[in-house]
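The values are calculated or read from the model by the stated rules, or taken from the named source; none is laboratory data. Remember, predicted model here, so these are calculated numbers, not experimental data. Don't worry about glycine lacking a Cβ; one is built from the backbone with ideal geometry, like all the others, and counts go over all protein chains shown.
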Amino acid sequence: MPRKWAGMAIIYKIFRAEEYAAFVRDGQTDGAPIDVADGYVHMSTAEQVEETAAKHFAGETGLKLLGIESETLGAELRWEPSRGGALFPHLYRALTMDDVLFVHDLPLREGRHRFDGLVG
C-alpha cells in the first residue's frame with residue numbers, strides 16, 4: 001500500500017521524456033504503450049518504484065517521476081497482484097494533470113536511477 005506524504009497516500013508513475021511531453025501537451029494520458037496495451041495505467045508504491053525503474057527503464061535517461069495521491073483516483077484505481085503476488089496500483093481511466101501532485105526528474109548515476117529524497 002502507498003506511503004503517506006504530508007498526510008497523503010502517494011503512488012508513482014514513471015514516464016519517458018516524450019511520453020511526459022505528450023501528457024503535458026494533452027492534459028491527460030492513457031499512459032505508455034504498455035499501459036495502452038494492458039488497458040490500464042501501471043503505477044507503483046514507494047516500495048516498488050525502484051524495482052520498476054530497474055526492470056522497465058534500465059539505463060534510460062530523461063525520465064520523469066510523477067507523484068499521485070492514490071485516494072483521489074476513486075474506484076478506477078485497483079490494487080492487483082503482479083510481481084510475486086505483490087499488489088500494484090492500476091488506474092483504469094486516463095491519468096490527468098489534475099491527478100499529479102508533483103513531478104521530479106529521475107536522475108541516472110553510475111547506471112542506476114536515484115530516488116534519494118524523491119519518494120517517501
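Determine, yes or no, whether residue 50 is surrounded by 14 or more Cβ atoms within 10 Å (Cβ to Cβ), over 15 Å from the mean Cα position of the chain (by Cα) and over 14 Å from residue 10 (Cβ atoms). No: the conditions fail for residue 50.
Pairs are defined by a Cβ separation below 6 Å, a sequence spacing of at least 6 or placement on different chains, a first member in the stretch 38-56 that is among the aromatic types (Phe, Trp, Tyr), and a second member that is assigned to a loop (DSSP other than H, G, I, E, B) and surrounded by 19 or more Cβ atoms within 10 Å (Cβ to Cβ); no pair meets this definition. Does the stretch 30-46 include one or more residues that are more than 15 Å from the chain's Cα centre (by Cα) and among the β-branched types (Val, Ile, Thr)? Taking every residue of the stretch 30-46 in turn, none turns out to be more than 15 Å from the chain's Cα centre (by Cα) and among the β-branched types (Val, Ile, Thr). I'm told residue 60 meets every condition in (1) touching a residue at least 24 places away in the same chain (Cβ under 8 Å); (2) loosely packed, with under 13 Cβ neighbours inside 10 Å; (3) of a type in the set (Asp, Glu); (4) touching a His at 6+ places or on another chain (Cβ under 9 Å) except one. Can you identify the failing condition by its number? Against the list (1) touching a residue at least 24 places away in the same chain (Cβ under 8 Å); (2) loosely packed, with under 13 Cβ neighbours inside 10 Å; (3) of a type in the set (Asp, Glu); (4) touching a His at 6+ places or on another chain (Cβ under 9 Å), residue 60 comes up short only on (2).
Look at (1) over 13 Å from residue 11 (Cα atoms); (2) modelled with pLDDT under 95 and you find that residue 30 fails only one, number (2). For the stretch 20-44, taking the residues that are of a type in the set (Ser, Thr, Tyr) and not in a loop (DSSP other than H, G, I, E, B), the one that is surrounded by the fewest Cβ atoms within 10 Å (Cβ to Cβ) is identified as 20.
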